[in-house]
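Report on the following structure.
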Amino acid sequence: MARFEKEIALLDEVTHCYALTGSYDFVLQVYGKDLDSLSNVVLKRLLRIPNVRDLQSSVVLETVKRSTRLPLGAFARVRRGLNRPPSGTSGSRPCDAGRRTGRHEIA
C-alpha cells in the first residue's frame with residue numbers, strides 16, 4: 001500500500017484520499033476541468049498504479065450540501081449525557097457521505 005499512497009500524493013488532481021473498511025480500500029476525491037480530463041486521470045494514471053485492480057467512479061450531478069463545520073456541540077451534549085442513544089443500541093449510525101466530484105473507490 002505504501003507505493004499506492006506515494007503515487008496518489010503525486011497526483012494534483014486528487015484532493016482527498018481516505019483509507020476505508022469494507023469492499024474498497026480507498027476512496028478518492030478527484031477534480032478535473034471536464035469529463036475528458038477526469039477520464040485521463042482515471043485511465044492513464046490511477047489504473048496504471050501497481051496493484052490497483054478495480055476502480056469504480058461516480059460523478060457529482062449536484063451538490064446538495066457542503067460544509068466544513070464540525071458539529072462539536074453535539075459531541076459535548078453526548079459527553080454530558082444529554083443526548084444518549086436508546087438503551088440496547090451502540091449509538092452508531094450508518095454514514096452516507098453523499099456524492100463528491102470524481103469519487104473513486106479502489107480495491
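Every read-out reported here was derived from the displayed coordinates using simple, explicitly stated rules and does not represent laboratory data. Fair warning: this is a prediction, and the values are worked out from it, not measured in the lab. Virtual Cβ from ideal backbone geometry, glycine too; neighbours counted across all protein chains shown.
In terms of the Cα gyration tensor, with a ≥ b ≥ c the square roots of its eigenvalues, is segment 25-75 rounded because a/c is under 1.5, prolate because a/b exceeds b/c, or oblate? Since a/c reaches 1.5 but b/c is at least a/b, the shape of segment 25-75 is classed as oblate.
Annotation: lysines with alpha-carbon distance below 18 angstrom to LYS33 (same-chain offsets under eight excluded): LYS44. For GluC sites (Glu not before Pro), the sites in segment 1-82 that DSSP calls loop and that have at most 10 other Cβ atoms within 10 Å are GLU62.
Of the residues VAL64, VAL30, VAL59, VAL42, the one with the fewest other Cβ atoms within 10 Å heads the list, and the complete ranking is VAL64, VAL59, VAL42, VAL30. Loop-located trypsin sites (Lys or Arg not before Pro) in segment 1-78 (DSSP state other than H, G, I, E, B) with a sparse environment of at most 11 neighbouring Cβ atoms within 10 Å: LYS33, ARG48, ARG53, LYS65, ARG66, ARG69. In a fully extended conformation the segment linking HIS16 and VAL59 would gain 14.0 nm over its present Cα-Cα distance, using 0.36 nm per residue.
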